[in-house]
Amino acid sequence: MIIKNALLLTWSPQNILIPSASLRIRGGIISDIFSHPDNFQPEPGEEIIDAHDQIVMPGIICAHTHFYGAYARGLGIPGTPPKNFPEILQKLWWKLDRALSLQDVYYSAMVCLVDAIRHGTTTLIDHHASQNAIDGSLDEIANAVDECGLRAVLCYEVTDRDGPEKAIAGIKENLRFYSRISSDPFFAGKIGALFGLHASLTLSDKTLERCQTEAANRLGYHIHVAEDISDQGDSLAKSGLRVVERLNRFGILGPDTIVVHGVHLDTSEIQRLVESKTWVTHQPRSNMNNAVGMANVVDMLQKGVRVCLGNDGFSNAMWDEWRITYLVHKLWNRDPQTMNGWDVIRMAVDNNALLANHILGGEPLGIITPGARADLIFVDYHPFTPLEPGNIPWHILFGFRDSMVTTTIVGGKVLMRDRQLVCLDEERIISLALERSKYVWQKFNDQF
């Protein structure tokens, strides 16, 4: 494939913007970049796609999401509305995940993945729960990911909240899925695995110890940490330790582990994350919605924590998450100098790509350069002020909209062209998901 007439936004520090450029894709990999329209000759059999002067940039990466949360959209909670985060978990999320069948798991993933294609999000790191449909649940999500042509990292959240048998089932699901994908070259670079844990507040010492033994340094963890202050209170009551120190005692932290949220961390915990090289993901839309506070990611970045950006199950219009990140920290700190635009790029682009590459391996993601994977999106953005290397973040934050994504390509395969999905029947997927949602909502309401 040849893509021509593109304004390349490469995210390469050496040459971040290349106007009037073309690039060649072979075997799903970017093989050549031509900085002048007359510098290449198409070869027999090469498809030519004209970008018509649109911005062509790497696909967006989401560092933390929940596909299973799709059926929460528009769902009413019977009785008195939740008054705090523990009640949100008890009245909404834990009842919703118990209402899911394996078929529901598949369709909740499908609608999220269609949403991702439309919004140019090409790699997603998911954190799954379906307490009455544990065995095989990760296979259902993997099938959906494969069918949609995207990349993903999957895990099942182990928790004690429904008893020891289901905690053990969650452990087994993580290990079974990891064994499956690590032994099959088909998944290499496409689908990865982590060991999912819910949060310290729903995990006993016994379960944490068993997880550490079973994982045996084969794969990293993906766990919510100090999202709400109640997580710290629970950890102190259980162990006399704050959450990060408790997890560290069980060997959960490390360079292969993702800590989600980290809203209520003190200086010593942040330092522990630095020392252990643990990844952190930030999801400000979710934190605002749950009224749990805002993580001090500026301090984390300054201290050397590898902070990434996720969406926690909100829409895969990730530029909305970027924009909220840029704005909310100014408000939270009452300081307009807080959160520079390049800080957002460091999290959402640089660190997200480093994390995805670390887990999936293979050729680089998140950059346009020869030898990188051809995960690309076309953005129909034509600025009325100069677009320059030094002001790119602000054009994205104040100018880009998700509706501007016209084409999505993953591994050299076109998934959406001119805003039309190529390989999926979106209308059928939405119709079937809608039908399943009625059963999910009934089972949800039956728990009250």
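Under the condition of being closer than 17 Å to Phe67 by Cα and either loosely packed, with under 15 Cβ neighbours inside 10 Å or of a type in the set (Phe, Trp, Tyr) (or both), the residues counted in region 421-443 number 3. Residue pairs, Cβ under 6 Å, 6 or more apart or interchain, first in region 211-225 and touching a residue at least 40 places away in the same chain (Cβ under 8 Å), second open to solvent by 50 Å² or more (accessible area, probe 1.4 Å) and not aromatic (Phe, Trp, Tyr). List them. What qualifies is Gly220/Asp256. For region 358-394, the set of residues classified as more than 27 Å from Gly27 (Cα to Cα), polar (S, T, N, Q) and part of a loop (DSSP other than H, G, I, E, B) consists of Thr385 only.
Among the numbered conditions (1) within 21 Å of Leu355 (Cα to Cα); (2) open to solvent by 20 Å² or more (accessible area, probe 1.4 Å); (3) outside any loop (DSSP other than H, G, I, E, B), the only one that Lys206 does not meet is (1). Counted as qualifying within region 270-357 are the helices (runs of 4 or more DSSP H) with 1 or more residues that are in contact with a Gly (Cβ under 9 Å, 6 or more places away or on another chain), touching a residue at least 24 places away in the same chain (Cβ under 8 Å) and among the charged types (D, E, K, R), namely 318-333. A count restricted to region 403-415 and to residues that are open to solvent by less than 50 Å² (accessible area, probe 1.4 Å) and either at positive phi or out of contact with any Leu (no Cβ under 9 Å at 6 or more places or on another chain) (or both) stands at 6. Any residue at all in region 62-84 that is open to solvent by less than 60 Å² (accessible area, probe 1.4 Å) and among the basic types (Lys, Arg)? Within region 62-84 (the criterion being open to solvent by less than 60 Å² (accessible area, probe 1.4 Å) and among the basic types (Lys, Arg)), the answer is no, since none of the residues qualifies.
For region 57-106, the set of residues classified as closer than 30 Å to Val410 by Cα and of a type in the set (S, T, N, Q) consists of Thr65, Ser101, Gln103, listed by residue number.
Cβ separations smaller than 7 Å between residues 6+ apart or across chains give the following pairs from region 412-436 residues that are of a type in the set (Asp, Glu) to residues that are part of a strand (DSSP E or B) and surrounded by 14 or more Cβ atoms within 10 Å (Cβ to Cβ): Asp418/Thr406; Asp418/Thr407. Taking each residue of region 233-246 that is at negative phi and charged (D, E, K, R) and looking for partners that are surrounded by fewer than 16 Cβ atoms within 10 Å (Cβ to Cβ) and in a loop (DSSP other than H, G, I, E, B) with beta-carbon atoms closer than 7 Å, six or more apart or interchain, yields Arg242/Asp266.
As a summary of the residue check, Gly262 satisfies the conditions (1) of a type outside the set (Ser, Thr, Tyr); (2) closer than 14 Å to Asp228 by Cβ; (3) out of contact with any helix residue (DSSP H, G or I) (no Cβ under 9 Å at 6 or more places or on another chain) except for the one numbered (3).
For region 168-180, the criterion of being open to solvent by 10 Å² or more (accessible area, probe 1.4 Å) and closer than 24 Å to Glu269 by Cα is met by no residue.
The values are calculated or read from the model by the stated rules, or taken from the named source; none is laboratory data. What you are looking at is a predicted structure, and each value in this text was computed from that prediction instead of being measured. So basically every Cβ, Gly included, is an ideal-geometry build from the backbone, and we count neighbours across all protein chains shown. All accessible areas refer to the heavy atoms of the entire protein, side chains included, with ligands and DNA or RNA removed. Shrake-Rupley method; radii C 1.70, N 1.55, O 1.52, S 1.80 Å.
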